[in-house]
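Trainee: Here it is, the structure in full.
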Protein chains: 2
Amino acid sequence: MIHLDPIGRVRSTLTRREHAPKQGHEGAPEAWLVFEPRVVPALANVKRGDDLLVLTWLHEADRDTLQVHPRDDPRAPLTGVFSTRSQDRPNPIGVHRVRVLEIVAPTELKVADLEAFDGTPVLDVKAVIDRIAER
Amino acid sequence: MIHLDPIGRVRSTLTRREHAPKQGHEGAPEAWLVFEPRVVPALANVKRGDDLLVLTWLHEADRDTLQVHPRDDPRAPLTGVFSTRSQDRPNPIGVHRVRVLEIVAPTELKVADLEAFDGTPVLDVKAVIDRIAER
């Protein structure tokens with residue numbers, strides 16, 4: 001058993017599952033990453049305009065779901081969740097590529113293209129490496 | 001506090017940290033993903049040749065490290081880990097893009113480009129979506 005403590009939370013106008021776009025590029029609003037003060041040194045080199053990979057804990061997901069109709073389309077054939085981006089899966093970790101719009105405070109970044117709900121726990125932030133092996 | 005149960009493990013000839021390439025495309029050996037029988041239905045649509053995003057738990061990482069010399073190069077300036085791909089970070093979750101080489105068994109996939117150590121816990125598997133917002 002693995003234990004995680006969130007490093008922060010998402011602040012967003014997205015508050016209800018049915019209003020979330022299926023992927024960030026389909027119209028996510030601006031959002032903010034609000035970090036725990038203890039991790040501020042890990043943010044030292046984040047700059048406005050950076051692209052970052054943000055990992056979140058999809059806390060509204062159903063962890064018992066192993067197959068879904070992709071994109072909640074009942075006409076789509078039932079598919080194993082490991083071949084989808086469904087939030088419902090045994091360990092619902094979201095992977096989001098975002099762009100830093102503004103460093104609002106040492107503990108707060110305004111970002112684009114984050115489709116997570118308000119209050120979603122943030123688990124990790126990484127550099128994006130635009131090589132085929134990283135995508 | 002968030003609790004995760006691994007869905008499987010990495011089997012690989014990479015067994016010691018100093019032998020691991022810094023990224024998969026720098027020469028990771030072939031490796032295998034060995035899944036728990038309980039998650040087999042979630043693998044139903046995985047096919048040979050698929051590219052998948054694999055999330056792992058980097059169990060050898062130092063969770064107290066907030067800044068590193070990138071790529072373990074002492075000449076590189078100390079950098080906040082959230083601007084790097086260092087395995088050392090508060091929640092050391094690895095993000096790996098791999099290609100399915102062979103479906104060896106219902107619970108076992110042979111994959112290319114996975115730089116994780118033998119025994120690394122696997123947390124999640126997702127479809128790769130090759131759009132800029134997904135990378």
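The values are calculated or read from the model by the stated rules, or taken from the named source; none is laboratory data. It should be emphasised that the depicted structure is a prediction, and the values quoted were computed from it without experimental measurement. Heads up, the Cβs are rebuilt from the backbone with ideal geometry, glycines too, and the neighbour counts pull from every protein chain shown. Quick note on the areas: whole protein, heavy atoms, side chains included, nothing else; ligands and nucleic acids left out. Shrake-Rupley method; radii C 1.70, N 1.55, O 1.52, S 1.80 Å.
Trainee: Express the accessible area of chain A per residue in Å², computed with a 1.4 Å probe while the remaining protein chains stay in the model.
Mentor: About 45 Å² of surface per residue is accessible.
Trainee: Please give the solvent-accessible surface of B:His69 in Å², to the nearest 10, using a probe radius of 1.4 Å with every protein chain present.
Mentor: Surface open to solvent at B:His69 totals about 80 Å².
Trainee: Could I ask something else about it? Would you work out which of A:Ser12, A:Trp57, B:His3 lies farthest towards the positive end of the dipole of the protein assembly as shown? Charges go on Cβ: Lys and Arg +1, Asp and Glu -1.
Mentor: Checked the options; the winner is A:Ser12.
Trainee: Restricting to Cα pairs below 8 Å that are 6+ residues apart, what does the relative contact order work out to for chain B? Please round to a whole percent.
Mentor: Reported as a whole number, the value is 39 percent.
Trainee: Measuring label to label, 7 Å along Cα→Cβ, what does B:Gly119 give against each other copy in nm, shortest first?
Mentor: Going from nearest to farthest copy, the values are 4.0 nm.
Trainee: If you count only protein heavy atoms and use a 1.4 Å probe, how large is the accessible surface of A:Ser83, to the nearest 10 Å²?
Mentor: 30 Å²
Trainee: Still on this structure, please answer the following. Measuring from a point 7 Å out along Cα→Cβ, what nm distances, shortest first, does B:Thr107 have to its partners in the other copies?
Mentor: Distances between equivalent label points, in nm: 4.5.
Trainee: Give the residue from A:Ala116, A:Pro106, A:Phe82 lying farthest towards the positive end of the charge dipole for region A:70-121; charges sit on Cβ (+1 for Lys and Arg, -1 for Asp and Glu) and the dipole is referred to the Cα centre.
Mentor: The residue sitting most towards the positive pole is A:Phe82.
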